[in-house]
Amino acid sequence: VLSTPPPEGARRPRGGPSDAVRIQAAVLIAWGSRLFESLGCDAREAGQVARGLVDANLAGHDSHGIGLVPQYVDNLVAGHVRAGRTPRVVVDRGSMLGLDGDRGFGQALGAAAMDMAIERARTDGCVVVGLANSHHLARIGQWGEQCARAGLASIHFVNVRSRPLVAPHGGLDARVSTNPFCVAVPDEPHPLVLDYATASIALGKTRVAVEAGERVAPGRLIDAHGAPTDDPSVMWNPPFGAILPFGEHKGWALSIMCEVLGGALAGGSVQDGATAHPMLNNMLSIVFDAAALCPPERRREEIAKLAAWVRGSPVAPGAPGVMLPGEPERRAAAERTRLGIPLAPATLAALEQCGAQAGVGSPRAGSA
Ligand SMILES: NC(=O)c1ccc[n+]([C@@H]2O[C@H](COP(=O)([O-])OP(=O)(O)OC[C@H]3O[C@@H](n4cnc5c(N)ncnc54)[C@H](O)[C@@H]3O)[C@@H](O)[C@H]2O)c1
């Protein structure tokens with residue numbers, strides 16, 4: 001299938017490929033929890049990892065969903081991720097908190113780090129938290145949402161110590177990774193959540209495209225010779241190509257700030273050409289009590305005024321209307337909670353193989 005995906009979250013139906021098998025979120029969470037427990041996580045951690053992944057599927061981000069299980073299992077077997085780790089406090093100075101994740105599961109470390117940040121921001125008004133050396137923190141929006149549920153605003157800069165994947169603006173080969181950036185603002189009934197990779201396409205989405213037999217939109221990838229391509233397999237088969245930053249120099253500059261704030265300033269490390277780890281994240285989070293500067297009622301009024309104003313724009317042909325950050329994920333979650341999560345045949349086959357090896361059976365079993 002050759003297809004040109006429209007901008008993520010804008011027009012692409014979140015249904016997944018047409019031959020996808022749908023499985024309910026609760027079934028996938030139960031299966032994933034059993035699998036991670038069988039590999040050495042305690043029940044709480046196994047549940048956090050499985051739920052975190054499936055929540056990404058619910059949000060429509062299959063790139064960060066249950067399809068990552070085989071990679072997580074490989075990383076666990078190779079010692080790149082370790083079960084049972086909690087954030088180790090390395091700096092504790094008023095509103096500055098430095099944590100080291102010791103390569104534990106990001107889903108557990110991220111939640112614990114945000115709990116600490118929330119407690120500190122509630123007393124001090126603001127906290128800057130560095131979480132270094134975490135295994136994959138997955139969908140960064142989940143950390144913004146955790147803060148927003150506590151009534152706090154947050155900004156998150158993340159770098160990725162995977163093999164380099166993203167070419168510099170003006171460069172022809174991969175030098176940094178997909179470095180995600182997130183801003184979350186509490187609001188009722190839903191928070192506003194900006195959460196994306198600074199690359200023009202998340203690596204996981206090239207995997208999803210390969211598994212679905214699809215091409216990606218032009219202008220996102222270059223091949224190993226630096227030539228533009230729409231073939232997502234250049235990211236998976238050597239000699240590797242590279243992803244371009246989003247928005248030309250603007251995305252590139254933001255990516256560098258994620259590298260510097262998330263990597264250098266948070267106490268972790270930056271890209272230097274040596275592949276340090278297949279899936280390591282460092283995150284710098286600024287979490288603050290928005291109500292300290294603007295009373296919640298006033299904030300609600302201002303955001304409602306803005307939303308009404310921007311939504312009043314005439315709808316462009318083919319567009320679903322003007323949305324606010326976080327809205328596509330909520331729409332996807334409503335649909336997928338009702339219909340189940342679509343898994344491409346190749347994704348399901350990989351999960352079934354993992355389940356068989358771990359002795360926990362197929363994720364399909366619970367849905368029968
Ligand atoms: N942990 C890691 O190392 C890592 C690396 C890269 C990406 N990620 C994660 O991958 C996920 C997907 O990233 P992505 O770059 O593919 O995201 P994306 O391109 O789908 O953009 C998603 C963001 O854009 C907003 N959005 C989408 N359409 C919109 C519209 N029409 N109007 C207003 N806002 C809109 C969404 O609400 C969301 O905030 C993210 O959760 C990110 O954190 C993680």
Across E327, E259, E301, the residue with the highest GNM fluctuation in the chain (Cα network, 10 Å cutoff) is E301
Which of H190, H80, H156 moves the most in a Gaussian network model of the chain with Cα springs under 10 Å?
H190
Any idea what Rg and Dmax come out to for the range 257-309 if you just take the C-alpha atoms, in Å?
18.3, 50
Could you work out the local net charge near L99, counting Lys and Arg as +1, Asp and Glu as -1, over the other residues with Cβ closer than 10 Å to its Cβ?
-2
Accessible surface of R122 in the full protein assembly, 1.4 angstrom probe, to the nearest 10 Å²?
150
Let me cross-check W236: its accessible surface, 1.4 Å probe, with only protein heavy atoms counted, in Å² to the nearest 10?
80
Within the set of other residues whose C-beta is less than 10 Å from the C-beta of G355, count the net charge using Lys and Arg as +1 and Asp and Glu as -1.
+1
Cα-based Rg of the chain normalised by 2.2 N^0.38 Å, two decimals:
0.96
Go through I341, I286 and list them by solvent-accessible area, largest first, probe radius 1.4 Å.
I286, I341
Of the candidates G130, G67, G171, which one comes out as most mobile in a Gaussian network treatment of the chain with C-alpha springs shorter than 10 Å?
G171
With only alpha-carbon pairs counted, each pair once and no self-pairs, how large is the Kirkwood hydrodynamic radius of the range 214-300 in angstroms?
16.2
So, in Å, what gap is there between the alpha-carbon centers of the range 336-350 and the range 65-100?
27
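The values are calculated or read from the model by the stated rules, or taken from the named source; none is laboratory data. Owing to the predicted nature of the structure, the values given are computational and were not obtained by experimental measurement. Quick reminder, even Gly has a Cβ in these numbers, built from the backbone with ideal geometry, and neighbours come from all protein chains shown. In case anyone asks, the SASA skips ligands and DNA or RNA and just uses the protein heavy atoms, side chains included. Shrake-Rupley method; radii C 1.70, N 1.55, O 1.52, S 1.80 Å.
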